[in-house]
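Notes to accompany the following structure.
The values are calculated or read from the model by the stated rules, or taken from the named source; none is laboratory data. No experiment lies behind these values; they were computed from the predicted model shown. FYI the Cβ positions are ideal-geometry reconstructions off the backbone, even for glycines, and counts take in every protein chain you see. Calculation scope for accessible area: heavy atoms of the full protein, side chains included, ligands and nucleic acids excluded. Shrake-Rupley method; radii C 1.70, N 1.55, O 1.52, S 1.80 Å.
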Amino acid sequence: MEIKKVGVVGCGLMGSGIAQVCAQSGYHVVVSDINDEFLDKGLTSINLFLTKGIERGKVTPEQKEATLRRIRGTTNTKDFSECNLVIEAVNEDMNLKKRVFAELGEVSSKEAILATNTSVLSVLDMAVVTGKPEKVVGLHFFNPAPIMRPVELVRTILTSDETIAIARAFVESLGKTAIIATDSPGFIVDRLSIAFTLNAVRMLEAGVATVEDIDKAVTLGLNHPMGPFQLADLVGLDTLVAVSTSLYEQLNDPQYALPTMVRKMVTAGWLGRKTGKGFYEYGKPA
């Protein structure tokens, strides 16, 4: 099967980025959200991202216009009926994701592949409600999706070889690198990075070093592009809580137990860049 039209469920931070990178790669894209307000916000963020790309010399005005022409917004799930691939990118809530996949199983064609952008939840649990679990796969993009190269390609025990082959070819057509992972909690990257970030928080709580010095040690000593606290603020501390809690519940491993400091920061509304304050202060919400 050749993928020509891609659907993206959710036009938030990840969904809008996935829709953009697909459209930039020549695919026609249908992207949805629960209402026009959220949809317009996501489409506006795509426009702004491309405008910044022009300012940096990464995108031409013609490429921007061509990309935007390939993207159509909707609030109706039935508009995914002609898509060859639909990627779900809603909140990390299993009940919500199951509802989405049950709907996609009804409206999509028999041949269409359904994918989830989850970073931590069971892909199989979503696959079994579709009526065609052999066509379901994980496609975990990283933030920001138009820039980050890896995509975790997650295979369940029911995913067919054909689905994996088509999904891998699609990922490579985006200029990304497919990393194959089994359907286990956190897959590869989050299973490593969440433990790393939480241990950095424990070092901070113990007074080993400051936020700034821990980040400097990691960027200069380990050659990471960002320190753990910079990354946590970018991703969002609410997301850190959700992912670490899910990993702890599934693996019962104490390295994923959430430090008190993070929980209190989230309670206070300090979620990172999105609210203007996290481990660092940013002045105004992103």
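Of note:
- Residue check, residue 236 small (Gly, Ala, Ser), at positive phi and under 23 Å from the mean Cα position of the chain (by Cα): yes
- For the criterion of being open to solvent by 50 Å² or more (accessible area, probe 1.4 Å), over 22 Å from residue 139 (Cβ atoms), more than 18 Å from the chain's Cα centre (by Cα) and of a type in the set (Gly, Ala, Ser), residue 53 fails.
- Options 58, 78: the member that is free of Cβ contacts under 8 Å to residues at least 12 places away in the same chain and either open to solvent by 70 Å² or more (accessible area, probe 1.4 Å) or more than 20 Å from the chain's Cα centre (by Cα) (or both): 58
- Matching residues, region 252-269, being within 23 Å of the chain's Cα centre (by Cα), without any contact (Cβ under 8 Å) to a residue 60 or more places away in the chain and part of a helix (DSSP H, G or I): 263, 265, 266
- Within region 166-223, being polar (S, T, N, Q) and under 30 Å from residue 135 (Cβ atoms) holds for 173, 177, 182, 184, 193.
- Within region 123-180, being surrounded by fewer than 19 Cβ atoms within 10 Å (Cβ to Cβ), part of a loop (DSSP other than H, G, I, E, B) and free of Cβ contacts under 8 Å to residues at least 60 places away in the same chain holds for 128, 129, 131, 147, 148, 149, 157, 158, 160.
- Only one of the numbered conditions (1) closer than 28 Å to residue 194 by Cβ; (2) part of a loop (DSSP other than H, G, I, E, B); (3) without any contact (Cβ under 8 Å) to a residue 40 or more places away in the chain; (4) of a type outside the set (A, V, I, L, M) is violated by residue 109, and that is (1).
- From the list 31, 8, 100, the one residue that fits, being farther than 24 Å from residue 189 by Cβ, modelled with pLDDT of 95 or more, open to solvent by less than 70 Å² (accessible area, probe 1.4 Å) and among the β-branched types (Val, Ile, Thr), is 31.
- Meets criteria (free of Cβ contacts under 8 Å to residues at least 24 places away in the same chain and within 21 Å of the chain's Cα centre (by Cα)) for residue 69: no
- Some residue of region 197-205 being more than 20 Å from residue 120 (Cα to Cα) and free of Cβ contacts under 8 Å to residues at least 12 places away in the same chain: yes
- Residue 279 meets the conditions (1) closer than 21 Å to residue 152 by Cα; (2) in a loop (DSSP other than H, G, I, E, B); (3) in contact with a helix residue (DSSP H, G or I) (Cβ under 6 Å, 6 or more places away or on another chain) in every case but one. The failed one is (1).
- Residue within region 121-130 that is of a type outside the set (Gly, Ala, Ser) and within 18 Å of residue 234 (Cβ to Cβ) present: no
- Residue match in region 266-275 (condition: among the hydrophobic types (A, V, I, L, M, F, W, C) and closer than 28 Å to residue 123 by Cβ): yes
- Options 240, 258, 251: the member that is closer than 30 Å to residue 183 by Cβ, out of contact with any strand residue (DSSP E or B) (no Cβ under 6 Å at 6 or more places or on another chain) and open to solvent by less than 30 Å² (accessible area, probe 1.4 Å): 240
- Per the listing 183, 215, the residue uniquely out of contact with any strand residue (DSSP E or B) (no Cβ under 8 Å at 6 or more places or on another chain), buried (at least 16 other Cβ atoms within 10 Å of the Cβ) and either in contact (Cβ under 8 Å) with a residue 12 or more places away in the chain or closer than 24 Å to residue 97 by Cβ (or both) is 215.
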